[in-house]
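Peer 1: Have a look at the structure that comes next, please.
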Amino acid sequence: MRLKSLGSLKNDKGETVNIKLWNKGYVTDEVSSIPVEQANLNEENRKKWVTDLAASAYKKTESKKPDGRYNHLLKEAAPDFCTEDCDKEPSRPLEMLPVVLKVDDSNRELYTNDKDKPIYVLNKILYNNYLKAFSYFDYISADGNIVTVYTNMRACLKAGIPYDLIPYNTEDEIKKGKFLAIRSYTPMFVWAQDKTHCRVPSVSSSGRYVIEDDYWLPSDIFDRIIKAQEDGKVVIVDPEVLKEQVKKYFEDENMEPSEEDIKYASLEYFDSLIYSNEAFAIPSYLLSDTEAMVEFLMNWSQRKNTEFFKKLGYSLEIAERAIYYFKYKMMIRAAWGIDPRSWRHYLLERSAIPEKYKNKTQAETAEEAAAIRKIYENKYGSLV
């Protein structure tokens, strides 16, 4: 599965939507070759959906062996607690597989979708601590004691429901719960803020397995550098001009230096400009995206990066995070839109519904959240 070319909203029919952000960032609801509403349609789709999402840890979009990988994910995570032998339990990607149940909430009885007769009675402790804690019970639409429960595979298994009794679901059942999965590629300072929303399960690319070398830069950084030069806060030094000045110095002194001598003398001259000038001296090649990143990453300390971004007038939420937290990180999130504690809370908290609620969300995070709102509303209609 390959991500389609990123652009604006694709259509208004609930199909795949890709939105580009900044220089290399994006949000998209294309997370798997399986459409989200078909994620729990049958066993084959379950395996493909879960393993596609799990592959994000390796910055990939699918698993080469979904059957084996799925079986491993069912027994990958540590249990909550164990005293002797520790049996492994379902891992995080299973939390992103949507499941809709019919439950008699009074008697903890599990029904099939035709609600003929109960097929399983859940343990009270497991029912309360796992199914109720990690699901949304739609009491508003309840049919007597029979409640529709919007949950996930991991919660079902942790609640003790046998795997073969966990039902498949139709597209309409998933759509009714407004399940949404999002793949995002954002700077780490945005990713870190998104990770605080624990009611929206997520999996991210892992630095243990992949090298991530894309970096975000503020879109106005070069304009700010020029403005800082005009204000006397920054001195832009052309290395070639500096080199010629050094050569002339040697000529005036009747010296015949080697190229290596000129190189080191130029560096010393540049250093003297830095330390003898209240303004921040920078080489002129810093006015290029690629060269700037090389300079920030390879030649500057964390403290120097911070001071430079402060000099350019950026707030601490940007300056203090330069440059490591500018690294892009990929993440997949999935949750039920019908549950007010998940996507809707996230969008409110991150100022994506400003007509209802607005706070001091960082601008870049709010921009990402606004893009996710567009995707949500394109699929399920207006949030307000």
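The values are calculated or read from the model by the stated rules, or taken from the named source; none is laboratory data. These numbers were taken from a predicted model, which means no experiment stands behind them. So basically every Cβ, Gly included, is an ideal-geometry build from the backbone, and we count neighbours across all protein chains shown.
Peer 1: Would you call residue 33 surrounded by fewer than 18 Cβ atoms within 10 Å (Cβ to Cβ) and modelled with pLDDT of 85 or more?
Peer 2: Taking the combined requirement at face value, the residue satisfies it.
Peer 1: May I ask you to verify whether residue 54 is touching a residue at least 12 places away in the same chain (Cβ under 8 Å) and either on the phi < 0 side of the Ramachandran plot or over 23 Å from the mean Cα position of the chain (by Cα) (or both)?
Peer 2: yes
Peer 1: Something else now. Can you list residue pairs whose Cβ atoms sit under 7 Å apart, with the first residue in the stretch 9-24 being modelled with pLDDT under 85 and the second being in a loop (DSSP other than H, G, I, E, B) and among the hydroxyl-bearing types (Ser, Thr, Tyr)? Count only pairs 6 or more apart in sequence or on different chains.
Peer 2: Every condition considered, the pairs that remain are 10/16.
Peer 1: Could you grab the pairs with beta carbons closer than 7 Å, sequence gap of 6+ or different chains, first residue in the stretch 84-96 and farther than 13 Å from residue 51 by Cα and in the same structural domain as residue 56 (by TED's automatic domain parsing), second one of a type in the set (Asp, Glu) and assigned to a loop (DSSP other than H, G, I, E, B)?
Peer 2: That search, which allows pairs on different chains as well, returns 88/76.
Peer 1: Step by step: first the residues of the stretch 194-224, then only those that are in contact with a strand residue (DSSP E or B) (Cβ under 6 Å, 6 or more places away or on another chain) and among the hydrophobic types (A, V, I, L, M, F, W, C), then the one that is nearest to residue 152 (Cα to Cα). Which residue is that?
Peer 2: 200
Peer 1: Next question, about the same structure. Starting from residues that are closer than 18 Å to residue 179 by Cβ and of a type in the set (D, E, K, R), keep the ones in the stretch 78-106 and report whichever is surrounded by the fewest Cβ atoms within 10 Å (Cβ to Cβ).
Peer 2: 92
Residue by residue, here is whether (1) polar (S, T, N, Q); (2) under 18 Å from residue 120 (Cα atoms) holds:
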| site | (1), (2) |
| --- | --- |
| 160 | no, yes |
| 164 | no, yes |
| 182 | no, no |
| 185 | no, no |
| 193 | yes, no |
| 209 | no, no |
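Peer 1: Search the stretch 183-204 for residues being closer than 19 Å to residue 97 by Cα and among the aliphatic types (A, V, I, L, M), and hand back the single one that is farthest from the chain's Cα centre (by Cα).
Peer 2: Checking each candidate, the answer is 200.
Peer 1: In addition: Every residue in the stretch 107-164 that is surrounded by 14 or more Cβ atoms within 10 Å (Cβ to Cβ) and either on the phi > 0 side of the Ramachandran plot or outside the structural domain of residue 93 (by TED's automatic domain parsing) (or both), please.
Peer 2: Passing the criteria: 108, 160.
Peer 1: Then there is this: Given the options 70, 58, name the one that is surrounded by fewer than 16 Cβ atoms within 10 Å (Cβ to Cβ) and closer than 17 Å to residue 203 by Cβ.
Peer 2: 58
Peer 1: Then there is this: Across the stretch 328-360, what is the number of residues that are surrounded by fewer than 17 Cβ atoms within 10 Å (Cβ to Cβ) and among the polar types (S, T, N, Q)?
Peer 2: Going through the stretch 328-360 one residue at a time, the tally reaches 1.
Every residue, every condition in (1) assigned by TED's automatic domain parsing to the domain that holds residue 369; (2) among the charged types (D, E, K, R); (3) surrounded by fewer than 19 Cβ atoms within 10 Å (Cβ to Cβ), yes or no:
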| position | (1), (2), (3) |
| --- | --- |
| 169 | no, no, no |
| 172 | no, yes, yes |
| 184 | yes, no, no |
| 189 | yes, no, no |
| 192 | yes, no, yes |
| 195 | yes, yes, yes |
| 198 | yes, no, yes |
| 203 | yes, no, no |
| 216 | no, no, no |
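Peer 1: Pick from 179, 189: which is aromatic (Phe, Trp, Tyr) and under 29 Å from residue 137 (Cβ atoms)?
Peer 2: 179
Peer 1: Which residue pairs have Cβ atoms closer than 6 Å, lie 6 or more positions apart in sequence or on different chains, and pair a first residue in the stretch 294-317 that is over 29 Å from residue 361 (Cβ atoms) with a second residue that is outside any loop (DSSP other than H, G, I, E, B)?
Peer 2: 295/286
Peer 1: From 322, 366, which residue is closer than 17 Å to residue 216 by Cβ and part of a loop (DSSP other than H, G, I, E, B)?
Peer 2: 322 is the lone residue from the list that is closer than 17 Å to residue 216 by Cβ and part of a loop (DSSP other than H, G, I, E, B).
Peer 1: Which residue is modelled with the lowest pLDDT, if the candidates are limited to the stretch 36-60 and must be in a loop (DSSP other than H, G, I, E, B) and within 15 Å of residue 330 (Cα to Cα)?
Peer 2: 59
Peer 1: Working only within the stretch 332-353, note down all residues that are out of contact with any Ser or Thr (no Cβ under 9 Å at 6 or more places or on another chain), of a type in the set (D, E, K, R) and assigned to a helix (DSSP H, G or I).
Peer 2: Passing the criteria: only 344.
Peer 1: Moving to a separate point now. Within the stretch 340-351, is even one residue in contact with a Gly (Cβ under 6 Å, 6 or more places away or on another chain) and outside the structural domain of residue 51 (by TED's automatic domain parsing)?
Peer 2: Yes: one or more hits.
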